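Visitor: Take a look at the following structure, please.
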């Protein structure tokens, strides 16, 4: 009974985390804030990342954990499973080579602001926000430089960072119920989130990205 209650609390926390993460990443919220804080939007991406990184580890620390162990691999399988996990980690590092980590982290925006190059005019108007999905959104909305590189792991799946992260987290020598619930929510969130992300990419790159969608699978290669 207690374990069921713990799982319920964990599920509610993960759902709220996902909703807040998506809400604050939405174009409408960014458009709302951009009109009010102007150039300070240069710090939004970094602040967003740091806040959710802290919140993730905080929740992971305080949430109740059901005392249910699902499996624990014995020697030598506990060592063998680390090999594909290491390969997944190598895949994550490989993926980092094909997009700007500094742009993703929010450091490039601050650098441009510091150098006087941050473009406040790229903030979308209300009309542009409504046009999301119609190929009318700037690649530089909110001075976040979107690029499309169909190279390396992006020739395998459209979201290789999600794929390699999932593989890395699944391949572990021990598994308990709390971690399994976390994995299910993470995979679900990655999959659902990819639709939102691609809506933005279609808006920015139009037919070029639509052709990419037709030729390369979303998350899992097949």
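Visitor: If you find the alpha carbon centre of the stretch 188-222 and of the stretch 1-40, how far apart are they in angstrom?
Guide: 22 Å
Visitor: Turning to a different aspect of this structure: By its C-alpha gyration tensor, with a ≥ b ≥ c as the square roots of the eigenvalues, how is the stretch 1-67 shaped: rounded for a/c under 1.5, else prolate for a/b larger than b/c, else oblate?
Guide: It comes out prolate by the Cα gyration axes.
Visitor: Angle, helix 160-170 long axis vs. longest principal axis of the chain, Cα atoms, 0 to 90°, nearest 10?
Guide: 20 degrees
Visitor: Please work out the ratio of the alpha-carbon Rg of the stretch 1-122 to 2.2 N^0.38 Å and round it to two decimals.
Guide: So the stretch 1-122 has a normalised radius of gyration of 1.48.
Visitor: Quickly work out the residue 180-to-residue 92 label distance, labels modelled 7 Å from Cα along the C-beta direction, and quote it in nm with one decimal.
Guide: If labels sit at residue 92 and residue 180, their model points lie 2.3 nm apart.
Visitor: If you don't mind, another one. Using the alpha-carbon atoms, what tilt in degrees (0 to 90, nearest 10) does helix 44-62 show relative to the longest principal axis of the chain?
Guide: Around 20 degrees separate the two axes.
Visitor: Rounded to the nearest 10 degrees, what's the angle between the helix 27-37 long axis and the longest principal axis of the chain, both from Cα atoms, 0 to 90?
Guide: 60 degrees
Visitor: What's the exposure ranking of 41, 175, going from fewest to most Cβ atoms within 10 Å?
Guide: Going from sparsest to densest Cβ surroundings: 175, 41.
Visitor: With 10 angstrom as the radius, rank 165, 188 by how many other C-beta atoms surround their C-beta, starting from the fewest.
Guide: 188, 165
Visitor: Still on this structure: Take the Cα pairs of the chain, get the Kirkwood Rh, then feed it into Stokes-Einstein at 37 °C and 0.692 mPa s and tell me D in µm²/s.
Guide: 167 µm²/s
Values in this text are rule-based calculations from the coordinates and carry no lab data. Quick caveat: nothing in here was measured; it's all calculated off a predicted structure. Cβ atoms come from the backbone with ideal geometry, glycine included; neighbour counts cover every protein chain shown.
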